[in-house]
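K.L.:
Here's a structure for you.
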Amino acid sequence: MDTIFAQASARGKAGVAVIRISGPEAWAAARMLAGELPAVRTAGLRVLRAGDEPLDTGLVLCFEAGASFTGEDIAELHVHGSAATVGAVLRVLGEMPGLRLAEPGEFTRRALENGQLDLPQVEALGDLIDSETEAQRRQALRVLSGAVGKLVDGWRADLRRAAALVAAAIDFADEDVPQEVVAEAAVLITRVSNGVARELAGSGAAERIRDGFEVAIVGRPNAGKSTLLNALAGREAAITSAHAGTTRDVIEVRMDLGGLPVTLLDTAGLREAGDEIEAIGISRALDRARRADLRVFLLDGGDVPLIEPERGDLVVHGKADLGAGLGLAVSGLTGQGVDELVDMISKSLSERAGSAGVMTRERHRAAMRRAIESLELARVELDFWPERAEIAADGIDRGIRALESLVGRIDVEHLLDDIFASFCIGK
């Protein structure tokens, strides 16, 4: 296997840059640069040289195979973070036989192949690097710690016990198999199926934390939607005008509300369109509003929402500076009521986020659906014992395989290139 190297820290000028080397020749390469290496997991200050030419003075760290990020021997060089210094060290490494520059995500891919991480942990590492809010950071860290793998290991242990009970009963079909054996298998299958179903129910909220919630501001033309969006964003994100129909398309603003990632949507005013372009904007507004996680209906005067609010939606009165209506009144122009509206949006979304599980992707949901379908089949077939015992056993086996695909143990090779393509070279 090749020994790979890359800059692991961010590109650009910095106080310190980290260069990572992983593979069978990692320590030898570090030794050629730094001379005598420090003890494993101990930082040592060394002068890095290319032959007799000094390159930099920096810290050297070594990690042994089986106790490193990739599971291989690793050496890390912590050098001064100038482009010239990093470029010089990388150039010398690239000239060493047996070493090559890492491909995007190759360090993490080796960690997966060497059993240091499972596939959800790999995905969570990418999420952690991309996290922008506190909720995203906490969720990614939770999955990176192995929460998905622990769940799957527990489910798998129960299903393997159930499979063993069914297999033993099949092997001794000519004898009187105690009814308790089949009953225990059924209890185990039901327990796992219920547990998977609970995680499936919380996966939608978990994915919204990862990708961001959408909040649509909905109302008639000239109700003050764009002015409110600008007030919430703290900048001129949308064009405002006294003329109705100014917003023709959906305008999006990404925000951090109470630690949650939120995209605010300023939609076209809902009314009978005056021209074809406005009609397209209104159609898009209705579509995005219906698909949003939360809608804020901004009323002007005594009007009523033009589409039916769903449970949890917020109905507020706009242009509070011209006279407050019943309930919460806001003014994007003066800021009146805006803080209260932000608190209401944050509270509503936080309640939804509270139900989030640790499954954050459609891939996870698909695997859990397959598992539930297979386990429900197995449970039903146990009711026809012993005539359909083999079918029940097959259902348990397919349930186990679905869960193993969730953590990357089987049937995911075709996904890996797509997953690692989004990683930087140093990861």
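The values are calculated or read from the model by the stated rules, or taken from the named source; none is laboratory data. Everything numeric in this text was worked out from a predicted model, so none of it was measured. Cβ atoms come from the backbone with ideal geometry, glycine included; neighbour counts cover every protein chain shown. For accessibility, only protein heavy atoms count, side chains too; no ligands or nucleic acids. Shrake-Rupley method; radii C 1.70, N 1.55, O 1.52, S 1.80 Å.
K.L.:
At 7 Å along Cα-to-Cβ for each site, give me the label-to-label distance between residue 50 and residue 328 in nm.
P.N.:
6.1
K.L.:
First compute the accessible area of the range 100-183 with a 1.4 Å probe, then give the percent of it belonging to carbon and sulfur atoms.
P.N.:
Answer for the range 100-183: carbon and sulfur cover 50 percent of the accessible area.
K.L.:
State whether the range 1-160 is rounded, prolate or oblate according to the following rule on the C-alpha gyration tensor (a ≥ b ≥ c being the square roots of its eigenvalues): a/c under 1.5 gives rounded; otherwise a/b larger than b/c gives prolate, and the remaining case gives oblate.
P.N.:
Because a/c hits 1.5 or more and a/b exceeds b/c, the range 1-160 counts as prolate.
K.L.:
Continuing with the same structure: Of the listed peptides 77-83, 336-342, what is their order by residue-averaged count of other C-beta atoms within 10 Å, with the highest listed first?
P.N.:
In descending order of packing, they fall as 77-83, 336-342.
K.L.:
Rounded to the nearest percent, how much of the accessible area of the range 1-83 (1.4 Å probe, protein heavy atoms only) is carbon and sulfur?
P.N.:
Solvent-exposed carbon and sulfur of the range 1-83 make up 55 percent of the total.
K.L.:
7 Å from Cα along Cα→Cβ at both residue 366 and residue 384: what's the point-to-point distance in nm?
P.N.:
Rounded to a tenth, the inter-label distance reads 3.0 nm.
K.L.:
Packing-wise, with mean Cβ within 10 Å as the measure, how do 95-106, 12-23 rank, highest first?
P.N.:
Highest to lowest by the protection proxy: 12-23, 95-106.
K.L.:
How about the range 107-215: which GluC sites (Glu not before Pro) there lie in a loop by DSSP and see at most 14 other Cβ atoms within 10 Å?
P.N.:
Sparse-neighbourhood loop GluC sites (Glu not before Pro): 132, 175.
K.L.:
Assuming R0 = 45 Å, what is the FRET efficiency of residue 32 and residue 179, from their Cβ-Cβ distance, to the nearest 0.05?
P.N.:
Calculated transfer efficiency: 0.05.
K.L.:
Within the range 32-81, list the trypsin sites (Lys or Arg not before Pro) lying in a DSSP loop whose Cβ has at most 16 other Cβ atoms in a 10 Å radius.
P.N.:
Answer by residue number: 41.
K.L.:
Take the Cβ-Cβ distance between residue 84 and residue 198 as r, set R0 to 60 Å, and report the resulting FRET efficiency rounded to the nearest 0.05.
P.N.:
Plugging the Cβ-Cβ distance into 1/(1 + (r/R0)^6) gives 0.65.
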